[in-house]
1. Suppose a student asked you for the relative contact order of the stretch 17-88, using Cα pairs under 8 Å spaced at least 6 residues apart; what percent would you report?
2. Just want to confirm a number: the relative contact order over the stretch 96-165, from Cα pairs under 8 angstrom separated by 6+ residues, in percent.
3. Mean Kyte-Doolittle hydropathy of -1.0 or higher plus an axial Cα length of 27 Å or more: which whole DSSP H helices in the chain meet both?
4. In deg cm²/dmol, rounded to 500, what helix-only [θ] at 222 nm does the chain give when every DSSP H run of at least 4 residues adds -39500 (n - 2.57) and the total is split over its residues?
5. Can you tell me what share of the DSSP beta bridges in the chain is antiparallel? A percent to the nearest 5 is fine.
6. Using Stokes-Einstein with the Kirkwood hydrodynamic radius over Cα pairs, what translational diffusion coefficient do you get for the stretch 111-229 at 20 °C and a viscosity of 1.002 mPa s, in µm²/s rounded to a whole number?
7. Calculate I(q)/I(0) for the stretch 666-732 by the Debye formula, one identical point scatterer on each C-alpha and no solvent, and give its log10 at q = 0.13, 0.28 Å⁻¹ to two decimals.
8. Starting from the Cα coordinates of the stretch 216-345, work out the convex hull volume and express it per residue in Å³.
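Here, each number is a calculation from the coordinates, and none is a lab measurement. No experiment lies behind these values; they were computed from the predicted model shown. As a convention, Cβ positions derive from the backbone with ideal geometry for all residues, glycine included, and neighbour counts pool all protein chains shown.
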Amino acid sequence: MTRGDSSDEGNYEGSDESSGDEAHEDASEAALYALADVVGIITHWDNALGHPQALRADVLQRVLTAMEIECGSMAQAWASHARLCAEAAAPQSVPLITAELDQPVHVHWPRADAPLPYEIQLENGETHTGIAHPVGANELALPGINAWGYHALRLGTLNMTVAVAPAHCYGIADALRDVTRSPDSRLWGLGVQLYALRHAAPSGSGDFSSLAQCCMAAAREGADAVAINPVHAGFSADASRYSPYAPSSRLFLNPLYIDPAAVFGQIAVREAAAALGVLERLEQLDNLAEIDWPELGPIRLAILKRLFEQREALLTPALLEDYRQFCTAGGDALYSHACFEALHRFHADHDAVDPNWRDWPQDQRDPQAPGVAEFAREHAQEIDFHLFAQWLAARGLDHAQRCAREAGMAIGLIADLAVGTDGAGSHAWSRQDEIFKGLQVGAPPDLYNPYGQAWGISAFSPRGLRQHGYRAFIEMLRATLSRAGGLRIDHALGLARLWLIPNRAGAAEGAYLRFPFDDLTRLIALESWRARAIIIGENLGTVPAGFNEQLHRRGMLGISVLWFERTHGEGGREIFKPPHEWSAASIATTTTHDLPSVAGWWSGRDIEWREQLNLLEPGLAVVDAFRQREIDRQILWQALLEAGAASGECPAPDSVAPIEAALRFVGSTRAPLAIIPIEDLLASREQPNVPGTIVGHPNWQRRHPGDIQAALGTRDVAQRLAALNAARRAPR
């Protein structure tokens with residue numbers, strides 16, 4: 001794109017003042033759009049209906065400003081453009097580049113007009129030397145490397161890391177080979193909201209011990225995986241911020257999922273609760289159908305803290321040594337998180353305003369600031385408690401995964417990686433150069449959310465990631481993969497582009513920003529093999545052209561959801577895809593945490609909620625929504641009949657939903673893994689979350705009525721499981 005002359009903003013030709021203003025406005029917009037191109041902001045795209053969209057100049061300017069890129073005038077926009085272009089044109093200025101196994105390694109090198117010697121030291125200690133040759137005007141190429149890993153490259157006078165990735169992620173077939181089972185086996189797993197589980201001891205919410213019990217019970221029924229909601233660290237000082245998809249940090253775990261009895265014993269836990277005077281209230285909270293997080297959180301943490309204070313008397317020397325080794329292995333990142341938790345608690349207790357770290361004293365707004373070190377010396381006991389809580393949480397999640405694998409699961413736990421973090425949280429505080437400050441992640445208006453979505457969470461900055469060698473992204477992957485056999489990446493569309501909205505703007509007033517898809521997916525493939533964990537990319541929403549093909553090429557599984565798997569049959573009429581047409585490169589599921597259960601969809605419960613919460617599409621009357629659902633029910637029933645998953649007359653919306661038939665239908669697809677939400681096994685009419693709501697619906701609060709082990713043994717659930725197992729084992 002040709003640069004304009006920004007030295008004389010007022011010198012535009014025109015016949016009058018009006019035309020001069022228009023010319024100035026056009027030139028200013030040209031500067032903005034040129035800057036957008038360099039930054040990676042997408043100015044033209046297709047919406048969910050395939051209709052072309054264009055980014056308005058005023059919205060673009062607000063987004064750029066929120067990215068801390070100066071563009072308030074045409075001169076500023078061109079100056080920012082020049083600075084970013086110069087940065088991109090410098091010799092390989094980033095500390096890490098990515099490549100693929102046995103493929104040439106390309107290094108950006110302006111005016112690459114002569115060969116350069118290189119030396120590369122592999123992770124295994126081997127050293128190779130050679131000559132990098134020019135390929136094109138601005139690039140040097142090294143021969144392919146036949147070992148995946150992080151290798152040290154010296155090229156000319158520059159030093160960098162080359163992350164060499166396998167061609168694709170570790171997959172289900174690889175997991176099956178690891179457990180000496182046929183790589184063609186079609187597996188199924190259980191989808192679980194961890195907090196919803198129950199077990200014998202009163203806890204108020206599900207914990208890692210109830211998760212371990214769930215894994216063992218599911219394995220006995222034939223499951224090879226248990227997919228859970230994110231268990232990232234929340235804000236221990238503010239239990240009202242309990243959404244698992246808006247965490248404080250994606251590097252650490254939520255201490256509210258700790259079962260202290262797993263280490264201290266149930267007697268010690270009850271004695272601690274009784275001494276604090278909270279045992280009876282904890283038992284009452286445990287009996288509720290919905291979790292009261294603001295009350296439960298402080299009670300659970302108070303019990304933990306009392307046990308922590310007694311740890312020297314209650315724990316064995318071996319456990320105390322394990323705790324010390326955990327702290328040492330966690331390093332600066334773990335210690336910074338514990339400092340943040342203590343600081344956040346301090347300011348929550350002493351400040352009259354919301355304790356956002358950006359409002360803390362200046363010398364506490366960075367982990368390396370002197371005020372943080374001073375605070376740490378004065379509050380060492382509080383910081384030790386948060387370190388201790390992370391140790392307990394890690395032991396609990398480790399135990400659940402170990403139980404799953406020892407019970408015979410080929411995969412075990414499938415962790416869930418939230419798409420971002422709360423900008424006021426620990427992760428944003430400790431990685432300020434790599435996380436946006438003035439933007440939140442969301443989604444533009446689409447078929448299911450006509451007003452768009454603003455999720456109130458921050459995202460990584462592509463430029464910040466590149467400048468720091470993708471440090472924050474890699475450590476996040478490792479933290480999440482370290483205690484699981486699989487990973488679901490929420491809103492995996494964000495690996496290619498994210499809808500970013502300036503803080504305090506409406507959801508539709510955002511823009512798509514390109515992300516370095518090749519670099520990110522190569523790093524995911526590399527880390528998936530290091531952890532030997534499968535990768536699932538949640539690819540629901542406004543999907544850019546070619547994205548799914550790229551996802552599949554990388555060996556990342558997509559997600560096929562029953563409600564969305566539709567096509568057109570004879571005469572152009574809409575039908576549900578028959579099982580043999582479902583993708584073999586995606587997992588199959590009846591629904592997700594953001595969508596209605598089978599029973600809820602069949603009865604129209606989701607429509608009732610959307611009417612109550614004013615979330616129906618503009619101009620759509622509730623009677624019309626129910627009329628369309630009746631048509632959809634008939635279409636789905638016909639698909640179930642034709643697939644041999646059901647027989648007889650279509651059940652009425654107020655009768656028993658055809659859950660067994662739906663499980664048989666989804667189970668007979670070509671997908672290598674089917675994930676069945678526990679809400680469908682239990683015939684629940686309610687869904688865990690209604691997107692776009694903060695109040696009015698009990699998001700992330702509902703608990704299951706009883707112990708999961710007992711529930712899986714009931715007659716109705718047993719019949720559904722039998723239908724699912726038969727469908728998964730049937731020849732294709």
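1. Details: 54 pairs, mean separation 22.8, N = 72.
Here the relative contact order equals 32 percent.
2. On the way: 169 pairs, mean separation 28.7, N = 70.
Normalised by residue count, the contact order of the stretch 96-165 is 41 percent.
3. Working: long enough: 17-39 (33 Å, -0.22); 317-350 (38 Å, -0.29); 380-406 (39 Å, -0.40); 622-642 (30 Å, -0.18).
TM-like helix candidates: 17-39, 317-350, 380-406, 622-642.
4. Details: 25 runs with 294 residues, N = 732.
Roughly -12500 deg cm²/dmol at 222 nm, from the helical runs in the chain.
5. Working: 46 of 78 bridges.
Of those bridges, close to 60 percent are antiparallel.
6. Details: Rh = 19.1 Å.
Estimated via Stokes-Einstein, D reaches 112 µm²/s.
7. The Cα Debye sum returns log10 ratios of -0.50, -1.20.
8. Values: hull volume 20.3 nm³, N = 130.
Normalising the Cα hull of the stretch 216-345 by residue number yields 156 Å³.
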